[in-house]
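Just so you know, all these numbers are worked out from the coordinates, no wet-lab data involved. Everything numeric in this text was worked out from a predicted model, so none of it was measured. Quick reminder, even Gly has a Cβ in these numbers, built from the backbone with ideal geometry, and neighbours come from all protein chains shown.
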Ligand SMILES: *Cc1c(COP(=O)(O)O)cnc(C)c1O
């Protein structure tokens, strides 16, 4: 009984699918009925479970799914999801084959990838669905707008492929300054205009916005937005409208002990008690995605009360300092991310303690942690 064993440890990621539906509804209100919403479910749905999230959002008005790899798209197809799915990044030759076998849309941005696509299209006798990615300033992937746009328009207008989309990606949509986004939008509009004046039929789906841009820049919506972080309720930028956090990460107390002053705690004794203290050991560590950078920095909630993480977080276990007024016992629930009583620890709090971003914390919760769904 693999599942029972996994759950028995008590370290669980609770996913509130209703929160995701409510966040989707907020995005729908922002974009209106005529703009398609691509729910980005790459990296196992930002750690929430790609198939469960995809099923939920598709039955509540999302139109497309976005993934990072052909393999992620294949997983969704094998779960019988038939919505259009776009692979947002580049694909190897073998990944192009997987994509075409599962009717996944491909992103194209250079002649190597174009070669994979046309070769496999020929062999498999299919017409691949492709989106042209333009690099408007991120300098990650994309065709430069000033480089051979006419040649790309000609290629994509030919009979070998179905030209489904034109896209770019914003590098600083969360930045308080609008400068970078404004410049990227102008470059993108210029490409849209080049396609229009070329006389080519052009793609039907034009998309640029991620979560932050969808909320902050209505001019970036075109006819589809690509929403990831906002669906899961993480803040896509500081000061974003209140979204509902879908993730609660919990564990259990495995040991409670009293120790005298001057007791070193954990590997390397990076914390030493200053007075007689109660230390609780809890069943989570960096192998669960509770990052070692949180050592001596993070806080957790037990019975709704804040307790400091003390000592180095180890692979599977962590120690916390129990405040003197609190009576803690083995088996008590420990909230690492989420609400407990009147207090809450957000994924942004954890990211700040670990000196990283909410995206990395969410996607880093490892496969060892069972996901538990409620709706
Ligand atoms: C991940 C990703 C998104 C989603 O970004 P969020 O900030 O999570 O909304 C959109 N577009 C592309 C190309 C991506 O890779």
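How far is the Cα center of region 17-47 from the Cα center of region 63-101, in Å?
18
Identify the residues of region 188-204 with backbone N under 18 Å of a label point that sits 7 angstrom from the Cα of residue 150 along the Cα-to-Cβ direction, or state none.
Only 190-202 pass the distance filter.
With a point put 7 Å past each Cα toward its Cβ, work out how far residue 59 is from residue 296 in nm, to one decimal.
Result: 4.9 nm between the two label points.
How far is helix 111-124 tilted off the main Cα axis of the chain, in degrees rounded to 10, range 0 to 90?
80
Shape verdict for region 1-138, please, from the Cα gyration tensor: rounded (a/c under 1.5), prolate (a/b greater than b/c) or oblate.
Working: a/c = 2.22, a/b = 1.43, b/c = 1.55.
It comes out oblate by the Cα gyration axes.
Divide by every residue of the chain the summed helix terms, -39500 (n - 2.57) for each DSSP H run of at least 4, and state the resulting mean residue ellipticity at 222 nm, rounded to the nearest 500 deg cm²/dmol. Working shown, then result.
Details: 13 runs with 121 residues, N = 375.
After summing the helix terms and dividing by residue count, I get -9000 deg cm²/dmol.
For all pairs of alpha-carbon atoms in region 321-375, what percent lies in each bin of width 10 Å, listed from the first bin to the last filled one?
Per 10 Å bin, starting at zero, the Cα-Cα P(r) for region 321-375 comes out as 18, 42, 33, 7 percent.
May I ask for the Rg/Rh ratio of region 294-341, computed from Cα atoms with Rh as the Kirkwood radius, given to two decimals?
Taking Rh as the inverse mean 1/r over Cα pairs, Rg/Rh reads 0.93.
Helix 179-198 sits at what angle to the longest principal axis of the chain, using alpha carbons and giving 0 to 90 degrees rounded to 10?
Between the helix axis and the principal axis of the chain, the angle is about 30 degrees.
Semi-axes of the equivalent ellipsoid for region 1-62, please: Cα gyration tensor eigenvalues, times 5, square-rooted, ordered largest first, whole Å. Working shown, then result.
Details: eigenvalues 172, 24, 15 Å².
They are 29, 11, 9 Å, listed largest first.
Could you give the alpha-carbon Rg of region 188-275 over 2.2 N^0.38 Å, rounded to two decimals?
Details: Rg = 25.6 Å, N = 88, 2.2 N^0.38 = 12.1 Å.
Here the answer is 2.12, to two decimals.
Using the alpha-carbon atoms, what tilt in degrees (0 to 90, nearest 10) does helix 17-31 show relative to the longest principal axis of the chain?
Taking the Cα atoms of the chain, the angle to 17-31 is about 40 degrees.
Given points 7 Å out from each Cα along the Cα-Cβ axis, report the residue 256 to residue 349 separation in nanometres with one decimal.
It works out to 2.1 nm between the two label points.
Decide, for region 87-213, between rounded, prolate and oblate: order the square roots of the alpha carbon gyration tensor eigenvalues as a ≥ b ≥ c, take rounded if a/c falls under 1.5, and otherwise choose prolate if a/b is larger than b/c, else oblate.
Prolate shape, in that a/c is at least 1.5 and a/b is the bigger ratio.
On full extension of the chain, what length is gained from residue 357 through residue 175, given 0.36 nm per residue of separation minus the C-alpha to C-alpha distance?
That works out to 64.2 nm of additional length.
Given N residues in region 41-105, what is its alpha carbon radius of gyration divided by 2.2 N^0.38 Å? Walk me through the numbers on the way to the answer.
Values: Rg = 10.8 Å, N = 65, 2.2 N^0.38 = 10.7 Å.
So region 41-105 has a normalised radius of gyration of 1.01.
Taking the Cα centre of each part, how many Å lie between region 170-193 and region 200-268?
Here the two parts' Cα centres lie 22 Å apart.
Tell me, in nm to one decimal, what length is gained between residue 122 and residue 80 on full extension, where the rule is 0.36 nm per residue of separation less the Cα-Cα distance? Provide the component values of the computation, followed by the final result.
Details: separation 42, 0.36 × 42 = 15.12 nm, distance 2.64 nm.
Here the segment from residue 122 to residue 80 would lengthen by 12.5 nm.
Can you tell me how much longer the chain between residue 375 and residue 196 gets when fully stretched, taken as 0.36 nm per residue apart minus their C-alpha distance, in nm with one decimal?
Extra length from residue 375 to residue 196 when fully extended: 60.0 nm.
Need one word for region 220-375: rounded, prolate or oblate. Basis is the Cα gyration tensor (sqrt eigenvalues a ≥ b ≥ c); a/c below 1.5 gives rounded, then a/b vs b/c decides.
prolate
Mind checking the alpha-carbon convex hull of the chain and giving the volume per residue in Å³?
Per residue, the Cα convex hull of the chain comes to 152 Å³.
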